[in-house]
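Here's the structure, in structure tokens; my notes come after.
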Amino acid sequence: MYTSQEIGKLGEKLAKKFLEEREYEIICQNFRSKQGEIDIVAKDKDETIVFVEVKTRTSLIYGVPAEAVNDTKIEHILKTAKYFLYSRKMRDKNIRIDVIEVFICKGRYTVNHIKQIM
């Protein structure tokens, strides 16, 4: 049996693989600041900086994973994203916030990429 933390880490690993297979460049993972954490920061083919929130579930008891990304969570992601851009001296960049849902059940998984959640 996995802990919720182990399931989350596995979900992030699968999400990273998913993005790389679609030619996203991973800039960093688990970026933290006072405002919060961003699971994955990547760059897409169009050079847009994508801040990715990964939500992993083993059942739908608590609802669809993307539903956990509420307005408060989006606000924290935005503040953290602004700090990320500031700290890396990245100006005038197009940005986007995406959610990647990972469902893991009986040794199988599916990944759902939801672009531009805000």
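Computed values, structure above
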item	result
Tabulated pairs, the stretch 59-80, first over 11 Å from Val99 (Cβ atoms) and assigned to a loop (DSSP other than H, G, I, E, B), second of a type in the set (A, V, I, L, M, F, W, C) and modelled with pLDDT of 90 or more, C-beta under 9 angstrom, 6+ apart or interchain	Ser59/Phe103; Leu60/Phe103
Test result for Glu12, part of a helix (DSSP H, G or I) and among the charged types (D, E, K, R)	yes
Qualifying positions in the stretch 81-118 - of a type in the set (A, V, I, L, M, F, W, C), assigned to a helix (DSSP H, G or I) and in contact (Cβ under 8 Å) with a residue 40 or more places away in the chain	Ala81, Phe84
Selection from the stretch 54-76 of residues that are closer than 23 Å to Ile104 by Cβ and either in contact with an Asp or Glu (Cβ under 6 Å, 6 or more places away or on another chain) or of a type in the set (Ser, Thr, Tyr) (or both)	Val54, Lys55, Thr56, Thr58, Ser59, Tyr62, Pro65, Ala66, Val69
Cross-chain or 6+ apart pairs with Cβ under 6 Å, the stretch 25-47 first and among the acidic types (Asp, Glu), then part of a loop (DSSP other than H, G, I, E, B)	Asp44/Tyr24
Filter pass, Gly63 being under 17 Å from Ile117 (Cβ atoms) and modelled with pLDDT under 95	yes
Every residue from the stretch 15-26 that is over 11 Å from the mean Cα position of the chain (by Cα) and either buried (at least 17 other Cβ atoms within 10 Å of the Cβ) or polar (S, T, N, Q) (or both)	Phe18, Tyr24
Residues located in the stretch 31-43, provided they are within 18 Å of Glu101 (Cβ to Cβ) and either exposed (fewer than 14 other Cβ atoms within 10 Å of the Cβ) or out of contact with any helix residue (DSSP H, G or I) (no Cβ under 7 Å at 6 or more places or on another chain) (or both)	Glu37
Every residue from the stretch 48-74 that is over 22 Å from Ile26 (Cβ atoms), in contact with a strand residue (DSSP E or B) (Cβ under 9 Å, 6 or more places away or on another chain) and either among the charged types (D, E, K, R) or exposed (fewer than 13 other Cβ atoms within 10 Å of the Cβ) (or both)	Arg57, Ser59, Leu60, Gly63, Glu67
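The values are calculated or read from the model by the stated rules, or taken from the named source; none is laboratory data. Keep in mind it's a predicted model, so treat the numbers as computed, not measured. With ideal geometry, Cβ positions are generated from the backbone for all residues, glycine too; neighbour counts draw on all protein chains shown.
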